[in-house]
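Right, one structure below, let's go through it.
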Amino acid sequence: MKEAMTYEAAGYRLTRKPTIWETLTSERYFKWTLLIPLIVLLGIFMIYPLLYCAYYSFHQWGMRGNALYVGAQNYRQLLNDKAFLEALYRTFKVLVICIVSELLIGLGLALLWSREFRGENVVRGLALLPLLVAPLILSLLWNFMFEYDFGAVNIVLQSLGLNKIYWWSPERALYSICFITIWQWFPFATFVLVAGLRSLPKDVFEAARVDGASSWYTFRRLTLPMLSPLIMIVIVLRTMWLIRLFDPLYGTTRGGVQTELLDWIVYRTAFVYFDIGYGSTMATFSLVLTMAICAIMFRILMKALGGTK
Amino acid sequence: MSTFGKIIFWVITLFVLFIIVAPLAWIYLTAFKAPNDIFTTDVKKLVFFKFTSENFQRLFREFPFWPNFVNTIIISAASTVVVLVISALAAYSFARWNTGRGHLLFTTISTRMFPGVVAAIPFFVLYRNLGLLDTRFGLTLLHIYFNTSFATFLLYGFFKEIPEELEQAAMIDGYSRVDIFRKIVMPLVRPGLAVTAVFCLVWSWNEFLFSFLFTRVTARPVTVLISSFWGSIEVQYGPMAAGAAIVILPTLVIAWFMQRYIIRGLTFGAVKG
């Protein structure tokens, strides 16, 4: 309608109304037309779960019968739920342990591998192998390798004259899970940083060398600051993935021996006890938490992205 | 590098590679071991043992390995195709017009950070009412959902690389917006589409949480079958290793041949490895 008006105002006689296809692909609407499938998808798969969880978090419901409105009782229960708070604490612990270890190992190896050397492609190819393997299968593999009697790790330890270690004890299990995750992901940090080191401007380092700066000083004052956008990218992306760690738990302890993490406790409440009401409360809480962290992280990420381009 | 430096360099490099590769090789060794070689405490038998295909035969005979494997192939292929269509359109819009001024792009990417269980609860109840539980169609829909945000963001980077002048030139030649997208932009972004497709395939292939919650028998993907070998009563290490050996093979091959793109893909295009 609006277009017809403008055509007339311009002095043209409009012979027919534009078809739907013409409207959709017009200069003005084409960018939105392209987004229709995505918006429909997001509407179904994002808004619906959000509203659903928010609604049931104020109800008591076990998948049978009618839901009972209980107000904020679920949230009160949540804040006093020791198991939930512990799972939350453990999740942050895993986050810190994994990210710090991956970055330290990654930085060390990146400094080693950033130079050009023969066999570079083979080394990189082999080192990147675990990244695309299903985390579930890797955790099953390590679960077997860490087995007390027949696990390869303990057999090797024994043949070296060392004591066998009970890897899945309540004190160690969480660290064993961290180890599996770090083992799979340190090549990621390594090669992000290798890419960073290789793109550093050479003349600055040349100048520093001429000025007689020590290698430690150069590393601390030049290399690290220049790498910081890439370090941020690793931290942001790893936070996103680690905060919802689930598969390695399923392949190993199944939430037992004090390894329950955030996603696992929601899963247990909703799908093992079928307590949809309280499960939704946990889900809503963890969603708000993740969104808050991600909003901050996204801002940092976009800044870091701007910095590397 | 001095000779001494070279030696140190290769000692560390080989040690790290051993740590990475040995556990993966271990899967393949275990897959070909007889049960009494799997349950041994003899360190020599870790590597030296009699090869047997017993585990594979048991896997194919006693467990629905191939039907589950086919499920995985169908679900990951179908979801990847749909994801590519949706995200290519959206990514082009974001890259060319910055539609929604970044807010919409953030909303899209944030679905990737959603805790999976948040979506799982409502959809489990919904699927139960619609009869979509344990169907390939139902699981494919969920895979489409969790891959779209990733694909959109990755493709966004590829679309951004196409110079806008090219499109303006085409417009002067009388191309419509649709023609430009189909005939100019899509051919240029084809390598990006290929990389994105491979990543979507791999994520869908490896996906576990939704597969495990939403399937039981008919639509069960192969990762869920393998996880079932590690039960609380008995553990089927032999068939588990044999199954894992087959399932991870495509992803290992892809990792090897895509090594230049892995870092780029995993960082959503931020780092050009």
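Quick look at the numbers
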item: Aspartates and glutamates whose Cα lies under 19 Å from that of residue A:82, excluding same-chain neighbours fewer than 8 positions away; result: A:171, A:260, A:263, A:275
item: Cα-based radius of gyration of the range A:92-207 once divided by 2.2 N^0.38 Å, which approximates compact folds; result: 1.31
item: Of the DSSP H helices in chain B, those whose Cα atoms cover at least 27 Å axially and whose Kyte score averages 0.0 or more; result: B:3-31, B:65-97, B:136-160, B:237-257
item: Convex hull (Cα only) mean projected area of the range A:216-309, reported in nm² to one decimal; result: 8.6 nm²
item: Length released on extending from residue A:92 to residue A:55, taking residue separation times 0.36 nm less the Cα-Cα span; result: 10.6 nm
item: For a label point 7 Å along the Cα-to-beta-carbon line of residue B:62, residues of the range B:30-47 with backbone N under 16 Å; result: B:31-39
item: Extension gain from residue A:216 to residue A:32, taking 0.36 nm per residue of separation minus the Cα-Cα distance; result: 61.0 nm
item: Pairs of alpha carbons in the range B:63-266 whose separation is greater than 30 Å (percent); result: 32 percent
item: Three semi-axes of the equivalent ellipsoid, chain A, Cα gyration tensor, whole Å, largest first; result: 44, 37, 18
item: Fluctuation leader among A:87, A:283, A:208 - chain A, Gaussian network, Cα springs under 10 angstrom; result: A:208
item: Measure of compaction for the range B:171-273 (Cα Rg per 2.2 N^0.38 Å); result: 1.56
item: Dipole magnitude of chain B, debye to nearest 20 (Cβ charges: Lys/Arg +1, Asp/Glu -1, about Cα centre); result: 160 debye
item: GNM flexibility winner over chain B from B:88, B:25, B:245 (Cα, springs under 10 Å); result: B:25
item: Which listed pairs, of A:31/B:272; B:160/B:272; A:31/B:183; A:31/B:160; A:93/A:164, have C-alpha distances above 21 Å, in listed order; result: A:31/B:272; A:93/A:164
item: Residue list for the range A:266-285, given a label point 7 angstrom along the Cα-to-Cβ vector of residue A:63 and an amide N cut-off under 15 Å; result: A:266-280
item: Shielding score for B:255-264, defined as the mean number of other chain Cβ atoms within 10 Å; result: 6
item: Förster radius 56 Å - calculated FRET efficiency between residue A:85 and residue B:218, Cβ distance, rounded to 0.05; result: 0.90
item: In the range A:40-131, trypsin sites (Lys or Arg not before Pro) in a DSSP loop with at most 15 other beta-carbon atoms within 10 Å; result: A:64, A:115, A:118
item: Inter-label distance for residue A:171 and residue B:188, nm, one decimal - labels placed 7 Å from Cα along Cα-to-Cβ; result: 6.2 nm
item: Anisotropy class of the range A:10-107 from Cα gyration tensor, a/c 1.5 cut; result: oblate
item: Equivalent ellipsoid dimensions for the protein assembly as shown as semi-axes, Å, which come from the Cα gyration tensor, largest first; result: 41, 34, 24
item: Label point distance in nm, residue B:164-residue A:39, each placed 7 Å from Cα along Cα→Cβ; result: 2.2 nm
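Where a number appears in this text, it was derived from the coordinates with a stated rule and is not lab data. Computed from a prediction, not measured in an experiment: that's the story for all the values here. Note that each Cβ is placed from the backbone with ideal geometry, even for glycine, and that neighbours are counted across all protein chains shown.
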